[in-house]
Structures are given as structure tokens and as C-alpha cells.
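Trainee: One structure, pasted below without further comment.
The values are calculated or read from the model by the stated rules, or taken from the named source; none is laboratory data. If you're wondering where the values come from, they're calculated on a predicted model, not measured in any experiment. Here the Cβ positions follow ideal geometry from the backbone for every residue, glycine too, while neighbour counts run over all protein chains shown. We work out accessible area using only protein heavy atoms, side chains counted, and drop any ligands, DNA or RNA first. Shrake-Rupley method; radii C 1.70, N 1.55, O 1.52, S 1.80 Å.
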Amino acid sequence: MIRLDNLTKVFDTPKGAVTAADHISMEVPSGEICILLGPSGCGKTTTLKMINRIVRPTSGKVFINGEDTSSLDTQDLRRNIGYVIQQIGLFPNMTIEENITVVPKLLGWDKAKYRERAREMMRMIAMEPDAFLKRYPSELSGGQQQRIGVARALAADPPVMLMDEPFGAIDPINRAVIQDEFLKMQQELNKTIMFVSHDIDEAIKMGDRIAIFREGKLVQYSEPDDLLAAPKNDFVESFLGEDRALKRLNLVKVRDLASEEIGLVRPDDTLDAALERIEAYGYVNSIVMVNDKRQPVGIINAAVARTTQGHCRDHYQSVPVVVTLDDDLRKVASLMFANDMTWVPCVDDDGRIIGQITQRAITHHLGSRYRAHSKGEGGAKAAEASPSPAIKE
Amino acid sequence: MELLQYFLDNLELLGTLTLEHISLVGVAVGIATLTGVPIGIAITKNERAAKTVLYIASIIVTIPSIALFGIMIPILSIIGQGIGYMPAVIAVLLYSQLPIIRNTYTAINNVDPALREAARGVGMSQNQRLRMVEIPLAVPVIMAGVRTAVVLNIGVMAIAAYIGAGGLGTLISRGISQSDPRQLILGAVAVSVLAIIVDYALLALQKRLTPKGMEREAAAT
Ligand SMILES: Nc1ncnc2c1ncn2[C@@H]1O[C@H](COP(=O)(O)OP(=O)(O)OP(=O)(O)O)[C@@H](O)[C@H]1O
Ligand SMILES: [Mg+2]
């Protein structure tokens, strides 16, 4: 756990005093990622660097796991906090192995132990130990260097990590890959992480909580979905962007909004029956046909059903679009738009249909949070606000 | 032809004088490195001290070598070393300070601030930062300073023959006083060739001392 208590930094500059961080108080629970987000110069980096005393606080305190860090030796403090700087900062005169093991060495681990640790770290960041450990940073790509930077910070297994725009220096595609890898690692490692970013999408993706800064002040500190649903003031609202409702699509899983109710037909149903069911369920265009195992095999078009006699098995077309419970709403919305559908069937791991998700459910979900908030009832968890009964596992 | 014959006849003398020359410059620049590098590192901590030290070092370089020898004769006479080995070494030692201190200072100061911060961030003490990061990164530039000092002072040392320090300058001074162009030319050519060879040798050494991971960057400078 990291707790900041009225942390303040005033820089004396030739142009007068600059308050880079103004009485910042916040708490990051153990095992969570907190994103410090805000426009350039708002004090994110300064706040972060006061935690490992790269910047000395003017006033205020930092507690790590309940302990006031001002009583700790600076070097000891830093060796127990993983630090990833924005510029990566690998030591060019050291091999990858020497870079990764620098903190364990400073902590006096024995050689066998830290060398084994280097190999373990390489496997963790999905880089081949034998291929890379003896190389130098200049022989690595930017993305690889960034991974090594993270490995160096994690090598001594510190409970707390500070990361200043750690993935800022890489291209968007690689960045997404490293973000995913990092989230996967974090699921096992459970570090308490302060993470500076100026990218809202990154913040929403990586953060358990997001702290919005403005001119040295902490303006709002919320979970991502709450932040997007209920920005505290105009500044936060404009910072999040006009499309913030759409950004929420990333945060909600099909699982949260899917309903078990779905109209289906079987191969030996008649087309008349299919037409009836299309109308009964309000599907307009089509209905899904499933086999004995409830796996989708095709769709029956309303137009065909209306003009033709016979059985479904002789008149189905193409395999329908489906989503799984772990897909996010962004994918669902994209599929709906691309296929001109107002609903999409959901399947389980075996490809069996277990329900559907509708456009109405999505718009209702996004809208309900705003309505709830404007009535002053904000703060409920996303799933609780869903209009239809969510499918549990 | 005559010159070549002269060269071959005096090969042994030439060898002795060259070794003498190298040892004079070597000892002087060696000591200068041992003093200049720590001074260069120390003044990175204080900008005003840095300015003062670099200013003094530049003034010293502007003193003509003959004048410097002249000043040292009465001073060193007190301990009976007014001429010969001692003043020659001291003069070269003084001249070497500027390139060595300046390069060390610049190199340490120019270490990427991000690396400095990374070094602090992983919990290195000030000494550990110097030893593990800053000095290794500065080595190529420091070595370039040493090279400059050596090449510069191979020339200076030739003049030290006038105060009886020996070395290749002996040929030049004798050539002048005896109006013997062969000696004069031989001495002058030997000094130049020595400077070039030593420069290359030190360049090779500089490359060896450059941390492996930095070879690419170092090649660019
Ligand atoms: N060492 C310093 N001396 C003087 N002023 C500083 C110093 N470091 C930061 N500042 C000032 O403090 C304010 C906050 O800077 P900080 O680096 O924390 O911003 P930031 O939120 O990290 O911005 P960015 O997104 O651009 O990195 C800025 O106005 C900056 O100019
Ligand atoms: Mg910053």
C-alpha cells in the first residue's frame, strides 16, 4: 500500500516559486495499479519522484505499507522500490544481465542467486535468456529495451513499483503488446504500482484507479468506469474527451450485459416457425440456426422466410457473428455496426450459444450511469446498473 | 642518401633517445592522469570551482615552455634539481592538466541525466554511481584527453633537451648548435613520427578501455 499525505513540492526557480505538487493526499491499495494522469506540467512526475526521493518533498509524507518512509535511509528506500524511468535508462556499459541484476547486487545477493534471477526475469518478460543476457542495450530494439527496463525494476522483487510513462517511447502496436504482457505479469506479481501516463486510453486499460491532476492538484481519484461515467468537473470532462462514453466500452465485458434470452431455430423447424420467432423476438432481419449442441451453424433471413416454404435446414446462409463472454463491448459494438445488427449471440468456450447481447442493453448501460449520476446516485459498480440479468459464469 | 646512411649509423643512439623521450613523457602524463582525473571529477560538484580550476589550467598552457623552464630553474635549484629530469617532468605534468581535467569534467558532466537518475533510482550511493556508471561512460573522452596531452607534450619535451632532460630534443639542439642539418632533421622527424605512432597506440588503448556496449556510440565521436 502506498499512502501520500499532503505531499507538496515547491520548486524555487529564477522566475519565482513553482508549486509542482500541492497537498496531494491519496492511497493506493496493495496489489493495485494507480495511474497518474493529466496534461503536461501538472505535477505527475514530481509526485511520483517524491515517493523514491529523487525529488525531495517540501512537505508532507509518504507511507509504504503503513511505514513513514522519511525515517528510512534513501538508498535502502530506493532499492526496495522498483523504478522505471521514461527514458528507459539502461546502463550502456553493462550487459543486459548486469543491468537486470544491479539492484540484487547492491542488496548483496550471492552470485548464483542473482544470476538465476536474471534468467527468471528474462523468461518472465518473454525474452530468451541465452540469446540476450550477454548482449548490450545498444544491441536491442526499443521495445526490448523497455522490457529490460521493467525487468530491472522488478528484479529484486520490490513490493512497490514506480513507472513514469514506461511505455511512452515505443510505437503503438508494440506498446499494446507490452501493456498486455505487463498486465498478465501483474496478475501474478500483485505489485502496488504508481504509473504516470498522459494517455487516457492507456490509463483506462492499465489502471485499477486513475488520479487526474491539474496544476499540481489532485482533481479526481476514481476507478476508470466511475471516472468516465461521472467526471467531477468540466476540466476532467474535457480532458477525458467527448467520446468518453465510447471509451467505457473497453471496460465492460459481454459477461456483464448479456442476457440468457435468445430466439433460435433448429434445422427441422419450418420457415414459417422461423418467421414467427423473428417477429416474436423483434429481430427484424434474421435469426440464428443452431445444431443439436446449440452451436450456431447459420442464419435464416426474414426475407427468405417470408417468401419461401420449407425447412430451415435447406435455406440458411453463412455462419453468424458471435462473441464470447470475455469480449469487451467495443468489439461487440464494432461487430454490430459492421454487420448491421442490433444484437449479437454469445457463445461459451465450446462454441455453444448461451445468450445474446443487444444494442439496447449497451446504450441503456452507458446511459444509465449518466442518469444515475445526474440524480446524484453515482458510484455503483458497472454490473449493478445493467438492465438485464447478467450471466454469471 | 646521406641522411639515410646517417640514420642507420645512429640507430642505436636514436633508440636510446626515443626510449628516454617516451619515459619522460610517459611518467609526466601518467602522474598528470592520476591527478587530473580526480580533479576533473571533483569539480563537477561545484561550478565555481570548476571555472577557477579550468581557468588556471588554461593559463598554464599559454606559458611558453622555455619560460616555464626558466621559472623553474631558480625554484627547483633550492633542492638541487634546477635542470634535467625534474623540471622537464613537472612542466609536462602542468601542461597535461588542462586536456585531462577538461575532458574528465566534460565527460562526467555530459553523462546522460536519465542514466544518472536511473543510477540514483536503483539505489546506488554517490561513489557507486561514479564507479559503476559515470566513470565507465566517461572513459573514452578521458582517454582522448590523455592522448591530446601525450601528443602535445612529445613536442614540449623536445625543448626540454635545452635544460638537459635528454630525449630526442638532444638531436635537435645539437643539430642547431653544431650547424648539423642531418642531426636536426633526424631529431625533428623522429619527434613527429613518435607523436604519430604513440597517438595511434593510445587510440587502440582507448578502444580497448571503452566499455563494450558503447563501442558503437564511441565510434561516432
Ligand atoms: N527541477 C525543477 N525545477 C523547477 N521546476 C520544475 C522542476 N521539475 C518540474 N518543475 C515544474 O513543476 C511542474 C510539474 O512538473 P512535472 O515534471 O511534475 O510535470 P508532469 O506532469 O510530469 O508533466 P509531463 O507530462 O510533461 O511529464 C512544471 O511546471 C515544471 O516546470
Ligand atoms: Mg512527467
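Trainee: Among the residues of region A:54-68, write down those that are more than 22 Å from residue A:107 (Cβ to Cβ) and within 11 Å of chain B (Cβ to nearest Cβ).
Mentor: If the condition is that a residue be more than 22 Å from residue A:107 (Cβ to Cβ) and within 11 Å of chain B (Cβ to nearest Cβ), then A:55 is the only one that fits.
Trainee: Here is a follow-up. Test residue A:105 against the stated conditions and say whether it is more than 13 Å from chain B (Cβ to nearest Cβ) and open to solvent by 20 Å² or more (accessible area, probe 1.4 Å). Full working, then the answer.
Mentor: Values: more than 13 Å from chain B (Cβ to nearest Cβ): no; open to solvent by 20 Å² or more (accessible area, probe 1.4 Å): yes.
It is false that residue A:105 is more than 13 Å from chain B (Cβ to nearest Cβ) and open to solvent by 20 Å² or more (accessible area, probe 1.4 Å).
Trainee: Next up: Of the numbered conditions (1) more than 16 Å from ligand 2 (Cβ to nearest atom); (2) of a type outside the set (Gly, Ala, Ser); (3) in a strand (DSSP E or B); (4) open to solvent by less than 40 Å² (accessible area, probe 1.4 Å), residue A:27 satisfies every one except a single condition; which is it?
Mentor: Status for residue A:27: all satisfied but (4).
Trainee: Quick one: what pairs do we get from region A:38-58, first residue closer than 13 Å to residue A:4 by Cβ, second in a loop (DSSP other than H, G, I, E, B) and more than 9 Å from ligand 2 (Cβ to nearest atom), C-beta under 6 Å, 6+ apart or different chains?
Mentor: A:43/A:216; A:44/A:38; A:46/A:55; A:49/A:55; A:50/A:57
Trainee: Still on this model: Identify all residues within region A:43-68 that are open to solvent by less than 40 Å² (accessible area, probe 1.4 Å) and either part of a helix (DSSP H, G or I) or within 9 Å of ligand 2 (Cβ to nearest atom) (or both); write none if there are none.
Mentor: Across region A:43-68, the qualifying residues are A:43, A:44, A:46, A:47, A:48, A:49, A:50, A:51.
Trainee: Could you tell me which residue of region B:107-127 is nearest to residue A:158 (Cα to Cα), considering only residues that are assigned to a helix (DSSP H, G or I), within 13 Å of chain A (Cβ to nearest Cβ) and open to solvent by 40 Å² or more (accessible area, probe 1.4 Å)?
Mentor: B:120
Trainee: Restricted to region A:83-102, and to residues that are more than 9 Å from chain B (Cβ to nearest Cβ) and touching a residue at least 40 places away in the same chain (Cβ under 8 Å), which residue is farthest from residue A:194 (Cα to Cα)?
Mentor: A:96
Trainee: Moving on to the next point. Only one of A:153, A:126, A:131 is closer than 29 Å to residue A:40 by Cα and either surrounded by 22 or more Cβ atoms within 10 Å (Cβ to Cβ) or more than 12 Å from every other protein chain (Cβ to nearest Cβ) (or both). Can you tell me which? Talk me through it step by step, then tell me what you get.
Mentor: Working: A:126 fails: closer than 29 Å to residue A:40 by Cα; A:131 fails: closer than 29 Å to residue A:40 by Cα.
Checking each option against the conditions leaves just A:153.
Trainee: Restrict the check to region B:153-175 and report whether at least one residue is open to solvent by 60 Å² or more (accessible area, probe 1.4 Å), in contact with a Phe, Trp or Tyr (Cβ under 6 Å, 6 or more places away or on another chain), away from chain A (no Cβ under 13 Å) and closer than 20 Å to residue B:16 by Cβ.
Mentor: no
Trainee: Let me ask you something else. Considering only residues that are open to solvent by 20 Å² or more (accessible area, probe 1.4 Å) and more than 9 Å from chain B (Cβ to nearest Cβ), look in region A:69-82 and name the one that is farthest from ligand 1 (Cβ to nearest atom).
Mentor: A:71
Trainee: Return only the number of the condition from (1) touching a residue at least 60 places away in the same chain (Cβ under 8 Å); (2) not in a helix (DSSP H, G or I) that residue B:80 does not satisfy.
Mentor: Here residue B:80 clears every test but (1).
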